[in-house]
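Asker: Here it is: the structure, laid out below.
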Amino acid sequence: MSLFLKVWPLLLLAGSAAAQPAPRTASKKPRVVRAARLLDVRSGAFIKNPVIVIENERISAVGPGLPVPEGAEVIDLGGATVLPGLIDSHTHLLARMPETPEGYAQDLITKSQALRALEGAANARATLRAGFTTVRDVESEGAFYADVALRDAIRQGLVEGPRMLVSTRGLGAVGTYYPSGLSPDLKDRPTGAQLISGVEEARRAAREQLGHGADLLKLYADWHHPTLTVEEMRAIVEEAHKAGRKVAAHAVTSEGIRNALAAGADSIEHGHEADRAALELIKKQGAFLIPTIGYFEVAVEEAPNAQARQLRDKRLQSLRKVVALAHKAGVKIASGFDANSARSQGRNAWEVVALHRAGLPPIEAIRAATSRAAELLGLQEHVGTLEPGRYADLIALSGDPLADVTELQRVRFVMKGGLVVRNELTSDTNSSP
Ligand SMILES: [Zn+2]
């Protein structure tokens with residue numbers, strides 16, 4: 001019943017019919033991954049001496065000390081710890097912006113769509129190599145439908161990157177969003193999100209984005225203050241839900257959150273100024289919160305001077321309180337690093353660490369980037385855990401991620417769909433006798 005299952009075979013067919021350079025496909029013979037232990041993210045317990053059997057991109061069996069099928073290729077990761085491939089639920093693979101106040105406008109004005117797409121390929125590769133085998137991309141930031149193209153190129157094996165769910169252009173209110181401060185005389189200038197006004201425009205834009213390949217829609221419930229009306233957002237949510245897609249709502253303020261939830265949004269992005277009542281409403285509605293807090297930790301750690309550091313730290317502390325409160329209220333939290341610059345692409349694991357520092361126990365922070373994120377994406381039958389039937393998307397670490405979550409920032413091995421993407425643990429692959 002997943003969209004993946006419905007869409008995937010069609011895309012695979014399209015790829016082979018085109019007879020383009022053969023995409024890298026999983027080995028025909030079974031593969032086996034062995035390691036010292038596997039973190040079962042559901043139970044939070046380690047499985048000792050796991051054997052993971054992989055056939056045709058997916059896991060066919062997993063358990064301690066299972067027999068190795070005859071003729072299987074064996075990848076022995078020695079003393080390493082294996083986890084499911086990680087999921088970033090809020091990223092922008094098409095964004096590689098200069099980190100200056102004018103950076104966003106500069107990007108839109110100086111870069112061609114072709115360059116933006118190629119930057120996306122570089123960002124996708126960095127993200128995958130950091131251990132993130134699936135992402136939910138929540139707006140192309142002025143790169144129009146390049147996220148659809150990137151997703152499809154990755155699926156065809158033309159570009160190395162994570163599995164992607166894409167939201168295309170984003171939907172904001174006229175007069176808001178980036179780039180700001182440009183001359184009103186500039187007509188038809190490019191904008192970050194697709195800007196709309198009124199219920200019919202909202203509905204039309206939603207249909208347009210869905211028609212061009214969006215897997216979900218992203219809307220802005222506020223931008224410094226509440227913006228889109230509940231009616232406008234409801235039209236967007238209606239169109240998305242009819243098509244079996246979810247809606248991610250950027251909402252920082254409590255009122256923005258309330259409006260987005262009243263319209264039926266499935267997730268709240270940021271929620272940085274949420275009060276207790278707004279958080280309880282997220283919980284009550286069964287929506288997800290993606291706090292995007294790691295970005296602020298980076299800002300503190302890399303502050304240019306003591307004064308900036310102090311100011312940024314104050315903001316970080318208030319964000320940590322919101323995350324802790326949300327966790328306590330039982331809100332479902334997913335990890336999203338909100339990467340948008342050359343420096344931030346591929347540093348997605350910082351968010352998992354930041355969620356832990358904000359009060360989530362290590363296993364909860366890891367779930368926010370695995371099983372829980374898979375639930376948000378609606379892909380729990382395919383990714384997020386290491387079980388029979390799931391894609392063979394996995395990572396391995398040298399240390400213990402439950403004792404030190406920062407181990408996730410030092411991923412040593414990455415496999416996606418049974419193919420090794422990165423391997424710093426072993427130099428040889430053995431075939432069983
Ligand atoms: Zn974002």
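Asker: Which distance in Å, rounded to a whole number, links the C-alpha centroids of the stretch 346-360 and the stretch 115-188?
Answerer: The distance from the Cα centre of the stretch 346-360 to that of the stretch 115-188 comes to 22 Å.
Asker: Please list 3J(HN,Hα) in residue order for the stretch 101-111, calculated via the Karplus relation 6.51 cos²θ - 1.76 cosθ + 1.60 where θ = phi - 60°; whole Hz, with x for glycine and proline.
Answerer: Computed from phi, the couplings for the stretch 101-111 are x, 8, x, 5, 4, 4, 4, 5, 8, 9, 9 Hz.
Asker: Next up: For Leu195, what residues show an amide H to amide H distance below 5 Å, using hydrogens built from the backbone and excluding near sequence neighbours?
Answerer: Amide H neighbours of Leu195: Gly172.
Asker: On to the next question. Is there a quick way to get the dipole size of the chain? I mean about its Cα centre, with the Cβ of Lys and Arg at +1 and of Asp and Glu at -1; what is the value in debye to the nearest 20? Mind showing how you got there, number by number?
Answerer: On the way: 52 positive and 50 negative charges, 121 e Å.
Here the chain has a charge dipole of around 580 debye.
Asker: Now for a different question. What order do you get for Ile333, Ile154 when you list them from fewest to most C-beta neighbours inside 10 Å? Can you show the working numbers first?
Answerer: Working: Ile333 26, Ile154 23.
Exposure proxy ranking, most exposed first: Ile154, Ile333.
Asker: Treat every Asp and Glu Cβ in the stretch 226-323 as -1 and every Lys and Arg Cβ as +1, leave all other atoms uncharged, and give the resulting dipole magnitude about the Cα centre to the nearest 20 debye.
Answerer: Charge dipole of the stretch 226-323: 280 debye, to the nearest 20.
Asker: Could you derive backbone 3J(HN,Hα) for the stretch 386-402 from the dihedral phi with the Karplus parameters 6.51, -1.76 and 1.60 (θ = phi - 60°), listing whole Hz in sequence and x where the residue is Gly or Pro?
Answerer: 3J(HN,Hα) across the stretch 386-402, in whole Hz: 10, 9, x, x, 7, 4, 7, 9, 8, 10, 9, 10, 7, x, 9, x, 7.
Asker: What is the local net charge at Glu201, summed over the other residues whose Cβ is closer than 15 Å to its Cβ (Lys, Arg +1; Asp, Glu -1)?
Answerer: It works out to a net charge of -1.
Asker: While we're looking at this one, here's another question. If each residue's Cβ is checked for other Cβ atoms within 10 Å, how do Glu255, Glu70 rank with the fewest at the top?
Answerer: So the ranking, lowest neighbour count to highest, is Glu70, Glu255.
Asker: If I take every Cα pair under 8 Å that is 6 or more residues apart in the stretch 273-356, average their sequence separation and divide by the length, what percent do I get for the relative contact order?
Answerer: Here the relative contact order equals 42 percent.
Asker: So what are the ³J(HN,Hα) numbers for the stretch 353-361, from phi and the Karplus equation (6.51, -1.76, 1.60; θ = phi - 60°), rounded to whole Hz, Gly and Pro as x?
Answerer: Taking θ as phi minus 60°, the curve returns 4, 5, 5, 5, 5, 7, x, 7, x Hz for the stretch 353-361.
Asker: For Lys332, which sequence-distant residues (separation of 5 or more, or a different chain) have an amide H within less than 5 Å of its own amide H, given hydrogens modelled in the peptide plane?
Answerer: Distant-sequence amide H within range of Lys332: Leu289.
Asker: Still on this structure, I have one more. With the crude spin-label approximation of a point 7 Å out along Cα→Cβ, what separation in nm comes out for Ser341 versus His241?
Answerer: 3.9 nm
Asker: Here's a follow-up. Ranking Leu279, Leu377 by Cβ neighbours within 10 Å, fewest first, what do you get? If you can, show how the numbers build up before the last one.
Answerer: Details: Leu279 24, Leu377 27.
The most exposed by this proxy come first: Leu279, Leu377.
Read-outs: derived from the displayed coordinates by stated rules, not from any lab. Since the structure is predicted, the reported quantities are computational estimates derived from the model, not experimental observations. Glycine gets a Cβ as well: all are built from the backbone with ideal geometry, and neighbour counts include every protein chain shown.
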